[in-house]
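None of the figures in this text is laboratory data; all of them are computed from the coordinates on show. Being a predicted model, the structure only gives us computed values, none of them experimental. Cβ sites come from the backbone with ideal geometry, for glycine too, and all protein chains shown count toward neighbours.
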Amino acid sequence: MNIRRITKSALLGATATVAILGFTTLTIACGEDAKADVGATSVKVTLDEWVLAPDLASVPAGKVAFTVTNDGTQDLAFAVVKTDYPAGALPVNVDGSANWNAQGVQIVKGVESVDVGKSRLVVLDMQPGNYVLMDNTVETVATGAYLSHYKEGMHAAFRVD
């Protein structure tokens, strides 16, 4: 699915709720001060080159609203996997990225790109268990070697009780 980016200035702080067929409610929130679903636990996540730092290490089960802010100098990403592996010990691919197809690793939310100096709101309905928050981006540097954001330390353990 292609998602068109809308400028932050156009929707700063805007929240739109749309009823779809009268059965489902979809909430779209944009901007740094956008509000998540009422009752969601808020978690602020800071991204920077080789750091991914949530302000909470654990939350109660239910809706969790991650406000992910990129304080780095390049576009970074945010993903969530459910696993009992320690945050820095997930099975990896040849390029150093975390292997999301490995046994014991379940993708909850795939990559959400976060532009430099911007924030993204990611709301998930989370079940009890152990999770890893990460940037699983891989770059190829001038020498042809891989630079894995995960292997560089962009991951954090996260628990849902």
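Results, tabulated for the structure shown:
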{"read-out": "Label-point separation, Tyr85 to Asp48 (7 Å along Cα→Cβ), nm", "value": "2.7"}
{"read-out": "Using a Förster distance of 22 Å, the FRET efficiency for Val138-Gln106 (Cβ separation, nearest 0.05)", "value": "0.60"}
{"read-out": "Karplus-derived 3J(HN,Hα), 6.51/-1.76/1.60, for each residue of the range 96-110, Hz, glycine and proline x", "value": "x, 6, 5, 7, 6, 9, 5, 4, x, 10, 10, 6, 9, 9, x"}
{"read-out": "Gain on full stretching of the segment that runs from Asn93 to Ser58 - 0.36 nm per residue minus C-alpha separation", "value": "9.8 nm"}
{"read-out": "Val38-Ser113 pseudo-label distance in nm [points 7 Å out on the Cα-to-Cβ vector]", "value": "3.6"}
